[in-house]
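Asks: I'd like to ask some things about the structure below.
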Protein chains: 4
Amino acid sequence: MLAVTSQGPELISVEDVPKPGLEVNTDAIVRITTSALCGTDMHVYHHKIPNVPAGWIVGHEFCGVVEDIGDAVTGFKPGDRVVSSMYVACGRCPACVAGDHRRCKDFQMFGMGAAFGNLPGGQAEYVRVPLADMTLRAIPQDLSDESTIFTGDILATAFTALRQSGIVEGDTIAIVGAGPVGELLAMCAPIFGAGQVYVIDIVPERLESVKKFGATTIDPREQDPRKLIKEQTGGLMCDAVFEAAGNEPAMKTAFSLPRPNGAVVLVGMLVNEHFPLTAGDLWLRNTKVIPVLGAPYSHRDELLKLIAAGKIDAAQIITDRIPLSGAAEAYAAFDRKELQKAIFEVGS
Amino acid sequence: MLAVTSQGPELISVEDVPKPGLEVNTDAIVRITTSALCGTDMHVYHHKIPNVPAGWIVGHEFCGVVEDIGDAVTGFKPGDRVVSSMYVACGRCPACVAGDHRRCKDFQMFGMGAAFGNLPGGQAEYVRVPLADMTLRAIPQDLSDESTIFTGDILATAFTALRQSGIVEGDTIAIVGAGPVGELLAMCAPIFGAGQVYVIDIVPERLESVKKFGATTIDPREQDPRKLIKEQTGGLMCDAVFEAAGNEPAMKTAFSLPRPNGAVVLVGMLVNEHFPLTAGDLWLRNTKVIPVLGAPYSHRDELLKLIAAGKIDAAQIITDRIPLSGAAEAYAAFDRKELQKAIFEVGS
Amino acid sequence: MLAVTSQGPELISVEDVPKPGLEVNTDAIVRITTSALCGTDMHVYHHKIPNVPAGWIVGHEFCGVVEDIGDAVTGFKPGDRVVSSMYVACGRCPACVAGDHRRCKDFQMFGMGAAFGNLPGGQAEYVRVPLADMTLRAIPQDLSDESTIFTGDILATAFTALRQSGIVEGDTIAIVGAGPVGELLAMCAPIFGAGQVYVIDIVPERLESVKKFGATTIDPREQDPRKLIKEQTGGLMCDAVFEAAGNEPAMKTAFSLPRPNGAVVLVGMLVNEHFPLTAGDLWLRNTKVIPVLGAPYSHRDELLKLIAAGKIDAAQIITDRIPLSGAAEAYAAFDRKELQKAIFEVGS
Amino acid sequence: MLAVTSQGPELISVEDVPKPGLEVNTDAIVRITTSALCGTDMHVYHHKIPNVPAGWIVGHEFCGVVEDIGDAVTGFKPGDRVVSSMYVACGRCPACVAGDHRRCKDFQMFGMGAAFGNLPGGQAEYVRVPLADMTLRAIPQDLSDESTIFTGDILATAFTALRQSGIVEGDTIAIVGAGPVGELLAMCAPIFGAGQVYVIDIVPERLESVKKFGATTIDPREQDPRKLIKEQTGGLMCDAVFEAAGNEPAMKTAFSLPRPNGAVVLVGMLVNEHFPLTAGDLWLRNTKVIPVLGAPYSHRDELLKLIAAGKIDAAQIITDRIPLSGAAEAYAAFDRKELQKAIFEVGS
């Protein structure tokens, strides 16, 4: 089968590799129909993650059709259309029962190498899915791959961030960074009852794109976000601010916007970035800091109900549709920030 | 000044009465511009509430302009446009600090007679408002009386019901009864993230009206609500059901719709109605029962932000606009259920 | 092996039956060391539950030692001391992930007959435990069977009730009925921060027993609970009341004690009992009703940490220790209310 | 009357000053019986707070007896024993109604100079208390000043920190710093259901003192806190860590102890301290940061119920009882860390 593989830092190639088979009775084999290219994949691309062997299959957001199931799989049968979680956890240990699946002792993530449980990824024609009854969810009838694929990762991340932010209906929020996650935050903010929603970015197309969700947009090169929000809120500022860019300038903006006793939610992938303020300042301003890692197991069932009810359509964020054979070029273009959110149309 | 007064059971007349003045330094006098006719007023109309003297001024939902203020009022000045809460509480005792204003030892409700603190109502040209800094809120610039008036009572009631129901984003709900409160529940459900929203009523116009909020409507004379919802939810049923009609048939329907471990929220005014099931059945079905009294003090600030942000426009539920002089006829028509939600345009 | 079996209504006998073996690779076989006699077993005893065949093995609270495991069991090995949940659910479907394990499509309960998944019970020398990694938990070193056995059922029920009641630190509560669950409510109330705790019962020994947990006791034949609590709380009454007796007089007392906007939590097993008040009264008093079914999967990990930290010792409620051979007599005595909380010491 | 006054940096003297009188009709005059010396007073002592004029009366934790009341005070009468909140807020604006009293536009704090509303403090024989019905609470009969005085500040701070930490019953916590606030955290942890409680400090007497609350103590010069907690929790680490020392070494320890998706609560007063880790590290470790400012208005009613019920006795933290005349010496000794928690016995 064809698969997108990492052959070394910045070396992506589409290779013909052996098709996976069932290993244990809780596995399923899924024939992939749609796979997405995610910011996290860039960590594998640049080999910032340890232990990515040559030939490693990348990718962790995907939909497809069940091809084969182990004896113990009861929730699916061959032919079922499914969307996968980006990770696998047992569902039964204390951490999982408490809803903290990333602390499962058997935690694995698709396509991230040996450091994440050695589970080949989903930018391929087929993938082996462990604990299929837990990891997969049926795509509701009449819904497309494109509408549901992001429940396995970035839509769940945006949803988790909004849930963990502690906002209540009527609250004012700001989103710093209108990339895919920022855009999904703006899309989901109304279902969390956000009143005024500000989105801050320097790319005009991105700002334009979030206006359809009712957001007020700010280009910080044209207007000072703090000053504008202060004016428009009568000095009340934001109840919660979402840092969805993952860099120090964005963090600096983010920490300037919450009200006393408000929150900054860190959704963007951060690596070595420093805080733009001291712990003393944070305490005096009384600003909570809430780092968020997406929790698809906890939230995709809610998301699928919202999608089925027509309240969210995450397909709107897709900007590029690419055949699997174009993966090497897509990775390079994504790294140059020429793509916003691309999917691979597999087997089409 | 003109005022709508109760002269006895089913006897409403508009009378010329003395204009109220300031009594203590925390009072304000408000010149009323808009006043609403509420289901609760029917209890006064029928003298179901004890101690309503002849000549009593009715009404508890109103907007207006500040005419005069006591020395201790700091939040308002003459000329400010304001909307009032239906009740008055001190904000400072343990019950108030805990957000439970109805348990304030100084609790008063406008227009409900001696049993509710002897506070004349707001269907009049002027009204004295105690604890003005607490009881009034400024109408945000550019917003109309009609958009904001219900933050003082029934919009807050719908909001309180949704908040107390414990629903989370994606949940399926049903609303039994599409009167004014039912309609506001349907309007607000999306800002609480409701996925599928069912509204059940037997009046075709009411069902038609809630469709604009994305609700699925059911006329129980045409379709069995339980059967339909069971089919459409794949047997999962409703996470929460709102009984907004206040009668036994509606309660019977309501209790047939929640999932195990779901909730029935009692929003409709109940008096002598019995439960349609035993405590044993309730326990076996594991259904929570949540009676709701509206809490405008707790929720109108959130609501005003949502209204200002364009997320809610409660003016949509107004069906009739009547001069104050037409009050007697309006009460009679409302009692015959010929009006749905009427307002008095005062002084116009 | 020996097992306690139901041979018909009110017919319990200890029989020699075949020892169970592994059926699927997620099973474990547990050699039971301690098993408890629970109020729920009385429903089987009286055949109030449908489809209990002759020879059915009863019991759902038990501890033991792992004897054998299926290939897919990773959390336990033979020789491990374990305590079981009273029920089995998959941990992976939407209901389970949402923490609502009783709605799992594969829900089973030990010892309750065909209507509850046909899973033989734990009043026996051995038991087959499905989904062992989910259903069992290790008994922490140095802890006894007696301290931990109730995490699988009634201790979790008391904990669930306190959690679902919504009480906050400082709240005043009342517990109506000081049987095993009532006693555990009184034991756990301090870890939920309850301020004043009232316990109401007519059995002097039961009242005496809860005093060690700091409860104020009331015998309703000597003092009127409502009057006494009204006096002692300055009229504030109870934030939450727990009905833990399961009968109409207890419910009548329970519904007389909450404050406006307070809660009555129904913990006792109810069957045909009616409400002691109308829906209208409930609405006017603004009393929430919260029926509770225990949720051991959701709470035993928390409970085991509390037990290991010395904050709870549920062994204190055990009143009788009986060999398995004495089961028939024990059931009869329990039915006559001569036993409060008995355990079977199996294989000793 | 006698009053403790600041005459300049590190210059405290007890002076004879005019007795305060009522200014508006919501004021009360309180004859002080007990006043406490708090870490926050050190900011005034060192003039780290701007705008502290010479002769300024210090102090914000105090109890006393009502001497006189304004016409609008309804909750108290002369002779009532009362405890005060450290701050004053209106209770009626949107911020106050939302429970965020520090954002009240009329916020004042006793004894902190012009920057905090110019309200003379409570280390004096008499004090004027604005908004007496909100700011004061009655001391329940049979309770002492010493048991209740800290509900106005540091006991409320510890309580707020535990509430905001989000811990649930059974959780493992660590407290870094066993000064007065750390000690109160250890005292209150059981009423929030904490399972294992670790307290870390280098002063043996402090560690000894918290053992009575069931805490496990760690002197970091003898044992590595992270290593020890890792061993004892089987690698699970702490659900929440409370930094109650307010310095960088304590913060470094604190940030080494939470589990992934755990929290560090900043309770200690921080000024210029830096974070001991980058934002990138914080995100990768998924650690929430929750700065806490005490909220006595929100929590003292709950605390007074807990004290009355015998669940907390904060008098246990008092180490020194000093006459008001000894204030200058007490400030200097406290600054040299020779006092832990001192109170002034006023008028005795």
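The values are calculated or read from the model by the stated rules, or taken from the named source; none is laboratory data. This is a predicted model, so every value here is computed, not measured. Using ideal geometry, Cβ is built from the backbone for each residue, glycine included, and neighbour counts are taken over all protein chains shown. Please note that ligands, DNA and RNA were not included when accessible areas were found on the heavy atoms of the full protein model with its side chains. Shrake-Rupley method; radii C 1.70, N 1.55, O 1.52, S 1.80 Å.
Asks: Against the condition open to solvent by 40 Å² or more (accessible area, probe 1.4 Å), in the same structural domain as D:G177 (by TED's automatic domain parsing) and among the acidic types (D, E), how does D:E243 come out, does it pass?
Replies: Values: open to solvent by 40 Å² or more (accessible area, probe 1.4 Å): no; in the same structural domain as D:G177 (by TED's automatic domain parsing): yes; among the acidic types (D, E): yes.
No.
Asks: Another question, if that's okay. Take the residues in segment B:290-320 that are of a type in the set (A, V, I, L, M, F, W, C) and part of a helix (DSSP H, G or I), then tell me which one is nearest to the other protein chains (Cβ to nearest Cβ). Reasoning before the result, please.
Replies: Our first condition is that a residue be of a type in the set (A, V, I, L, M, F, W, C); within segment B:290-320, this holds for B:290, B:292-293, B:295, B:303-304, B:306-309, B:312, B:314-315, B:317-318.
Next cut, part of a helix (DSSP H, G or I) only: B:303-304, B:306-308, B:314-315, B:317.
On the way: B:L303: 7, B:L304: 8, B:L306: 5, B:I307: 9, B:A308: 7, B:A314: 14, B:A315: 18, B:I317: 19 Å.
Only one residue fits best here, namely B:L306.
Asks: Report those strands (runs of 3 or more DSSP E) wholly inside segment B:178-283 carrying at least 3 residues which are free of Cβ contacts under 8 Å to residues at least 40 places away in the same chain. So that I can check it myself, show each step before the final result.
Replies: Values: elements: B:197-200, B:216-218, B:238-243, B:258-266.
Because the criterion is at least 3 residues that are free of Cβ contacts under 8 Å to residues at least 40 places away in the same chain, the strands (runs of 3 or more DSSP E) in segment B:178-283 that meet it are B:216-218, B:258-266.
Asks: Related question: Taking segment B:107-139 as the search range and keeping residues that are small (G, A, S) and crowded, with 24+ Cβ neighbours inside 10 Å, which one is nearest to B:P94 (Cα to Cα)? Talk me through it step by step, then tell me what you get.
Replies: Filtering segment B:107-139 down to residues small (G, A, S) leaves B:111, B:113-115, B:117, B:121-122, B:124, B:132, B:138.
Those still in the list that are crowded, with 24+ Cβ neighbours inside 10 Å too: B:111, B:121-122, B:124, B:132.
On the way: B:G111: 26, B:G121: 27, B:G122: 28, B:A124: 33, B:A132: 20 Å.
Among those that are small (G, A, S) and crowded, with 24+ Cβ neighbours inside 10 Å, it is B:A132.
Asks: So, in segment B:176-206, exactly how many residues are among the acidic types (D, E) and either under 18 Å from the mean Cα position of the chain (by Cα) or within 14 Å of chain A (Cβ to nearest Cβ) (or both)?
Replies: If we filter segment B:176-206 for residues that are among the acidic types (D, E), which is where we start, we get B:183, B:201, B:205.
Among the residues that remain, those that are also either under 18 Å from the mean Cα position of the chain (by Cα) or within 14 Å of chain A (Cβ to nearest Cβ) (or both) are: B:183.
Qualifying residue count for the region: 1.
Asks: Please tell me if B:S325 is under 19 Å from B:A189 (Cα atoms) and among the hydroxyl-bearing types (S, T, Y).
Replies: Details: under 19 Å from B:A189 (Cα atoms): no; among the hydroxyl-bearing types (S, T, Y): yes.
So B:S325 does not fit the description; no.
Asks: Another question, then. Where residues in segment A:260-289 are at the interface with another protein chain (Cβ under 7 Å from one of its Cβ atoms) and under 19 Å from A:K230 (Cβ atoms), which of them is most open to solvent (accessible area, probe 1.4 Å)? Steps first, answer last, please.
Replies: Our first condition is that a residue be at the interface with another protein chain (Cβ under 7 Å from one of its Cβ atoms); within segment A:260-289, this holds for A:260-261, A:266, A:270-275, A:278-280, A:282-283, A:286-289.
With the extra rule that they be under 19 Å from A:K230 (Cβ atoms), the set shrinks to A:260-261, A:286-287.
Numbers: A:P260: 68, A:N261: 37, A:N286: 15, A:T287: 3 Å².
Among residues in segment A:260-289 that are at the interface with another protein chain (Cβ under 7 Å from one of its Cβ atoms) and under 19 Å from A:K230 (Cβ atoms), the one most open to solvent (accessible area, probe 1.4 Å) is A:P260.
Asks: Tell me which residues, restricted to segment D:277-311, are more than 27 Å from the chain's Cα centre (by Cα) and farther than 16 Å from A:V289 by Cβ.
Replies: none
Asks: While we're here: Exactly one of these conditions fails for C:A215: (1) within 13 Å of chain D (Cβ to nearest Cβ); (2) of a type outside the set (D, E, K, R); (3) open to solvent by 20 Å² or more (accessible area, probe 1.4 Å). Give me its number.
Replies: (3)
Asks: OK, next. Quick one: count up the residues across segment C:77-98 that are assigned to a strand (DSSP E or B) and open to solvent by less than 10 Å² (accessible area, probe 1.4 Å).
Replies: From segment C:77-98, those assigned to a strand (DSSP E or B) are C:81-84, C:87-88; that's our starting set.
Cutting the leftovers down to open to solvent by less than 10 Å² (accessible area, probe 1.4 Å) gives us C:82-84, C:87-88.
The total comes to 5.
Asks: Filter segment B:144-172 down to residues that are of a type in the set (A, V, I, L, M), in contact with an Asp or Glu (Cβ under 7 Å, 6 or more places away or on another chain) and within 11 Å of chain A (Cβ to nearest Cβ) and give me whichever is most open to solvent (accessible area, probe 1.4 Å).
Replies: Start the filter on segment B:144-172 by keeping residues that are of a type in the set (A, V, I, L, M), which leaves B:149, B:154-156, B:158, B:161-162, B:167-168.
Then drop every residue that is not in contact with an Asp or Glu (Cβ under 7 Å, 6 or more places away or on another chain), which leaves B:149, B:167-168.
From what is left, the residues that are within 11 Å of chain A (Cβ to nearest Cβ) are B:167-168.
Working: B:I167: 24, B:V168: 54 Å².
Within segment B:144-172, the match that is most open to solvent (accessible area, probe 1.4 Å) is B:V168.
Asks: How about segment D:55-98: which of its residues are free of Cβ contacts under 8 Å to residues at least 40 places away in the same chain, facing another protein chain (nearest Cβ under 10 Å) and among the charged types (D, E, K, R)?
Replies: Correct list: D:R92 only.
Asks: Of a type in the set (A, V, I, L, M) and either within 14 Å of another protein chain (Cβ to nearest Cβ) or surrounded by fewer than 16 Cβ atoms within 10 Å (Cβ to Cβ) (or both), is that true of D:L11? Before the answer, list the steps.
Replies: On the way: of a type in the set (A, V, I, L, M): yes; either within 14 Å of another protein chain (Cβ to nearest Cβ) or surrounded by fewer than 16 Cβ atoms within 10 Å (Cβ to Cβ) (or both): yes.
So D:L11 passes the test.
Asks: Same structure, new question: Scan segment B:42-101 residue by residue and report those that are of a type in the set (D, E, K, R), more than 17 Å from B:F150 (Cα to Cα) and touching a strand residue (DSSP E or B) at 6+ places or on another chain (Cβ under 8 Å).
Replies: Across segment B:42-101, the qualifying residues are B:E67, B:D68, B:K77, B:D80, B:D100.
Asks: Go through segment A:171-188 and give me each residue that's farther than 19 Å from A:D153 by Cβ and among the aliphatic types (A, V, I, L, M). Steps first, answer last, please.
Replies: To start, the set of residues in segment A:171-188 that are farther than 19 Å from A:D153 by Cβ comprises A:171-174, A:176.
Correct list: A:I173, A:A174, A:V176.
Asks: I'd like the residue in segment C:301-322 that is under 14 Å from C:I191 (Cβ atoms) and among the acidic types (D, E) and, out of all such residues, is modelled with the highest pLDDT.
Replies: In the first step, residues of segment C:301-322 are kept if they are under 14 Å from C:I191 (Cβ atoms); the result is C:302-314.
Subsequent filtering for residues that are among the acidic types (D, E) retains C:302, C:313.
Working: C:E302: 97, C:D313: 94.
Checking each candidate, the answer is C:E302.
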